Structures are given as C-alpha cells and as structure tokens.
1. For residue 50, state whether it is of a type in the set (Val, Ile, Thr) and modelled with pLDDT under 85.
2. Identify all residues within the range 167-208 that are open to solvent by 30 Å² or more (accessible area, probe 1.4 Å), at pLDDT 80 or above and of a type in the set (A, V, I, L, M); write none if there are none.
3. Which condition does residue 105 not pass, out of (1) over 30 Å from residue 242 (Cβ atoms); (2) aliphatic (A, V, I, L, M); (3) modelled with pLDDT of 80 or more; (4) open to solvent by less than 30 Å² (accessible area, probe 1.4 Å), if it passes all the others?
4. Could you check how many residues of the range 62-82 are closer than 17 Å to residue 448 by Cβ and either free of Cβ contacts under 8 Å to residues at least 60 places away in the same chain or touching a strand residue (DSSP E or B) at 6+ places or on another chain (Cβ under 8 Å) (or both)?
5. Please verify whether the range 364-387 includes one or more residues that are in a helix (DSSP H, G or I), of a type in the set (Phe, Trp, Tyr), loosely packed, with under 14 Cβ neighbours inside 10 Å and under 36 Å from the mean Cα position of the chain (by Cα).
6. Which residue out of 410, 353 is under 17 Å from the mean Cα position of the chain (by Cα), without any contact (Cβ under 8 Å) to a residue 24 or more places away in the chain and closer than 30 Å to residue 285 by Cα?
7. Do you know which of the residues in the range 84-99 that are open to solvent by 50 Å² or more (accessible area, probe 1.4 Å) and under 43 Å from the mean Cα position of the chain (by Cα) is nearest to residue 4 (Cα to Cα)?
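The values are calculated or read from the model by the stated rules, or taken from the named source; none is laboratory data. Predicted, not measured: the structure shown is a model, and the values here were computed from it. Positions of Cβ are backbone-derived with ideal geometry, glycine not excepted, and every protein chain shown enters the neighbour counts. Only protein heavy atoms, including side chains, enter the accessible area calculation; ligands, DNA and RNA are left aside. Shrake-Rupley method; radii C 1.70, N 1.55, O 1.52, S 1.80 Å.
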Amino acid sequence: MKILDKYLLKTFLTTFTMVFVILFFIFILQTVWLFIAELAGKDLDLIMVIKFLLFAMPRIIPLVLPLSVLLASIMTFGNLAENYEFAAMKSAGISLQRAMKSLIVFISILSVVAFFFANNVIPYAEFKFINFRKNIAQLKPALAIAEGQFSDVGLYTIKVNKKSGKNGNILTGITIHKKSPIGGGSKTVIKAKNGELISSEKSSTLQLVLNDGYYYEDILPKKYEDWSKMPFAKSSFKKYIINIDLSKLNAVDVNDASISNTNTMLNINELSYTLDSLHKTMNTEILSFSENINQRIRINKSDKIFSPSKNKPINDLLTLYTNNQKLDILKTAATSVENTLYSVNETNTELEFKQKNINNHILAFYDKFVIAFACFLMFFIGAPLGAIIRKGGLGLPIVFAILIFISFHFINTFGKRIAQEDQLSPFVGAWLSSFILTPLAILLTYRATNDIGLINMDVLLAPFQKTFKKLFPSPK
C-alpha cells in the first residue's frame, strides 16, 4: 500500500506543481498588465520594478492555490480512471477513499500552510506593497497623478481625466485644489483644459504648465451674515505655471512604512484587537449621540405643565400665548426639528460608514480560514469529479475546473459585497461560496464512491419514456 500511496502522491504533486506554476505565471502577467501604466516609461530601475512585483505576488495565492488544487485533482484522478488504474485498484479491493488517503494528508498540510501564509505573509506583503507604491509615487510625481481621482502632490491635490505622452506628462481635464497652509481645507480651485508636467534631473522644482483655464478663490467675509452668500473671486488664463518644490518629496525612503491601518495588512490577532476597539468606539458614539439628542429634545413624559390661573394640567401649551408668539414658537420648533433631523442623518451616515469598516475587518478575519477550507473543498470536488468523468489531460478537466472555480469566486465576491453593505452577516458573506459548494463536494464523493455517473440519464429519461409509451403504445 505504501507503493500505491507514493505513486498517487508523486503523480498528484507533479501535476499540482505544473498547474500551480502555469497559473501563477498567468496571474503575474495579469498583475503586470494592471500596473503597466504605472511602471512603464517612468525611469524606475530594475530593482524597484522587481520589488514592486514581489510585493504584489502573495496576493495572488488565494486565487491560484484553490484553482491549482481543483485542476490537479481532476487531471490526476481523471488520468487514473481513463487508464483503468482505478479499475485495477477496485479489483484489488482498494476503495476510492483508501486511494485518496495519502492525498488527504497532503491537502491537510497544504491547508495549514495556506492558513499561515494568509495570516502572516499576505498581510506583510500587502503592507509593503501599499507603502512601496506610495513612496514610488512621491519619488516619481508623474506616478502620483492617477487618472480619474484626486492625488496629493505637495501642497496640491490634482485630478486629471487623461494622461498621455511618453512619461505620462501630458494631462487633460485638470482640476487642482490648493491646500490651505493654515488648515481649513481647500480655498483655491484651478481648472484647466490641458497641461504638461516639466521636470529636470538637475532641478528640484516640478513645473506644471496649465493651458486655457479658470482660477477660483474663496473669499472669507468679515461679517457672519455674509457667509451664506459664499463670495469668491474668479479669473481666466491662457497659460498658468505652478512650481512644485520636490526637495521634500525626493527625500523619501522607499522602505518607509507609514500606512498600517488597512484591514488586509493585519493578521488574526491584530484584527481581533482592532475589531474590539472599533466595536467599543461605535457603541460609545451611539450612546453619546442618543444622550445628546435626548438632552436637546428634553423629552420627559412625566413632566406636566399647569395653568397659572388654574391648578390643572394643560394639554395645549400654545393656548397660553398670543398669535404672534405662537408663530415665533412654531418657527423655532420647525428649525429645531430640521437641525435634529440633519444631525440624525449625518450621524446615521457616519455610523453606516463605521459599520462597513467593521464588516471589512470581519471579512478579512474569516478570509484567513476560507482559503484553508477552499483547498479541502476543491480537492473533494476535483478528485471524485475526475474519477467520474474519466478524462485526464488539459481538455475537459480545464472546462470543469474553470466553471467550478468561476462559480466559487463569483459567489465569494457577491457574498462579500453584500456583507460589506451590511445587508448580510459578514460570517455568512465570507463563507457563502463554501456553504453552497460543500453539498456538491459531498454529492460527487458519494457518487464516485458508489460508481454512479455524473448524471443518471435513466432517472431523467424514465418519466419521458413512460409518457411516450402511454401516448404511443406498442402494437401487440
């Protein structure tokens, strides 16, 4: 039996290694394709590009590993069934479960390794990847300006609709917010149709040349009542040059790591600690807000107001006032209600955002376990499926593997998105794909163990055959 276990293990490991390397290479190419616009033609040396890719590689493992297990299982057991090796095993009294024993041990070890990899290596790589991208962007300002989103460059926040040119230095559809040196947000907005980034290795100043645009600047009024008018100054220009001092930006250590609060960067212990803090903070804010609202509204059902002339409770307070006083009171009450509703809506929006952040941390917590279980799940789907279809190689097994894995990945992504929006429990959202595909693994294992085909055509066709016989009875 040891010879058989070694043979099956060797066959599976050979196929698994080959499939893993091929899929990993394909996903690495996809990563390069996604970030090629940031890397190409930006004067980055080879070492920085290699570091960039090395930090991006571990995030691919949760996709590649389960798919590799699935495909290798189908191919291995499909080849064994296709070459009648399973038939020889069964004739010798060796069941499918016994044949899978050594591979189950290997998958168990692989699942444990996958868990520790997801809990330690991936968070560290994500931590280094995000900070490395941030530092490269500061070293290479052309990288810092991304299409379709605001990017920080020195004292300016810049958004462009499109970048072009050899080094991405030709900009189109430019919106710039100038940061206030004394705080208070942006007081200056500059818009331009197009522009160009001009830099020199000999100079520490980056020139941003803007063409055909407008310059807006908020004016702070001296009187409070003038604030509602929101006065501002506007001017147009044909050409406007902004000089950005790069001396501070260039003094950046690419190994610096100042960003450390993303949920994908944390291991299980750190996620547990962070979740505990987030829950306490949210509960404190809810309690504080409810107390503030109660104090503002001053609702107390036990309070009663009595008439000054008669010692009897008054149901309608407005009867104590004149019509003009009633109007003033109602206006004040309406304003108070509007302010309270505004405060409630703002707090509700803020609490929803905090809840989404908590959900993301919970999903990141369960993801560590999902990848480990996914290896088990894909093996118990792939191994019996390969024994049933009796096809090895790279033909039919790839079709089945892709269909199953796409279903798994789609359900997993769908569950996470719903859980992020707090429309589903994060636990259910993280494990939804596993819950749905586990019965499939059990069914396939049962059918393969009992030599039942993938689809029993006799059971499906029996009702139609009976109906046909009733409609068209055979002549006696």
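1. Details: of a type in the set (Val, Ile, Thr): yes; modelled with pLDDT under 85: yes.
Yes, satisfied.
2. 170, 189
3. (4)
4. So the count comes out to 0.
5. At the first step, the residues of the range 364-387 found to be in a helix (DSSP H, G or I) are 364-387.
Applying the additional criterion that residues be of a type in the set (Phe, Trp, Tyr) yields 365-366, 369, 373, 376, 379-380.
Now drop any that are not loosely packed, with under 14 Cβ neighbours inside 10 Å, which leaves none.
For the range 364-387, residues in a helix (DSSP H, G or I), of a type in the set (Phe, Trp, Tyr), loosely packed, with under 14 Cβ neighbours inside 10 Å and under 36 Å from the mean Cα position of the chain (by Cα): absent.
6. Values: 410 fails: closer than 30 Å to residue 285 by Cα.
Answer to the selection: 353.
7. Top of the filtered list is 98.
Okay, residues lined up against (1) at pLDDT below 70; (2) under 22 Å from residue 106 (Cβ atoms); (3) in contact with a Leu (Cβ under 9 Å, 6 or more places away or on another chain); (4) open to solvent by 30 Å² or more (accessible area, probe 1.4 Å):
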site: 31; (1), (2), (3), (4): no, no, yes, no
site: 37; (1), (2), (3), (4): yes, no, no, yes
site: 40; (1), (2), (3), (4): yes, no, no, yes
site: 63; (1), (2), (3), (4): no, yes, yes, yes
site: 69; (1), (2), (3), (4): no, yes, yes, no
